[in-house]
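Asker: Got a structure for you, questions after.
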Amino acid sequence: MGLWKFRDRVSVEDLCSLAERWAAEDPSYLQLYVRKVSKDQYGIGFAYQLPADKPGHSEYFERVSDQLKKLFGNDLVGWDIASPVRVIK
């Protein structure tokens, strides 16, 4: 699970469009949402099912952070990603 954070210059519509594309293209996303993460920033929150043979999140992180840096440059301002997660409910 995690959160990708963006500057206020990135529109909510752009983030929603990207999240919708991820949802359509990658069935490993269990949950995707866009929410406010600070006074003037929004982010894409997610739950992602990692492959059983690769339980660490580094491969996912490298792939997606590279993609986001190409799309948004310095408007990608941060992330909070943790693995593994134990969902209770």
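Asker: Just name the residue that is farthest from Leu30 (Cα to Cα) out of those in segment 51-89 that are without any contact (Cβ under 8 Å) to a residue 24 or more places away in the chain and acidic (Asp, Glu).
Answerer: Asp66
Asker: I'd like the full set of residues that are of a type in the set (Ser, Thr, Tyr), over 10 Å from the mean Cα position of the chain (by Cα) and within 15 Å of Leu68 (Cβ to Cβ), limited to segment 12-31.
Answerer: Ser17
Asker: Quickly run through segment 38-50 and pick out the residues that are touching a residue at least 24 places away in the same chain (Cβ under 8 Å) and touching a Ser or Thr at 6+ places or on another chain (Cβ under 8 Å).
Answerer: Answer for segment 38-50, where residues must be touching a residue at least 24 places away in the same chain (Cβ under 8 Å) and touching a Ser or Thr at 6+ places or on another chain (Cβ under 8 Å): Tyr48, Leu50.
Asker: Pairs, please: C-beta under 9 Å, at least 6 apart or cross-chain, first residue among the aliphatic types (A, V, I, L, M) and in segment 5-34, second surrounded by fewer than 12 Cβ atoms within 10 Å (Cβ to Cβ) and in a helix (DSSP H, G or I)?
Answerer: Listed by first residue and then by second, the contacts come to nothing, as the list is empty.
FYI, it's all coordinate maths here, none of it is from the lab. A quick note: this is a predicted structure, and the numbers were derived from the prediction, not measured. Neighbour counts run over all protein chains shown; Cβ positions are idealised from the backbone, glycine included.
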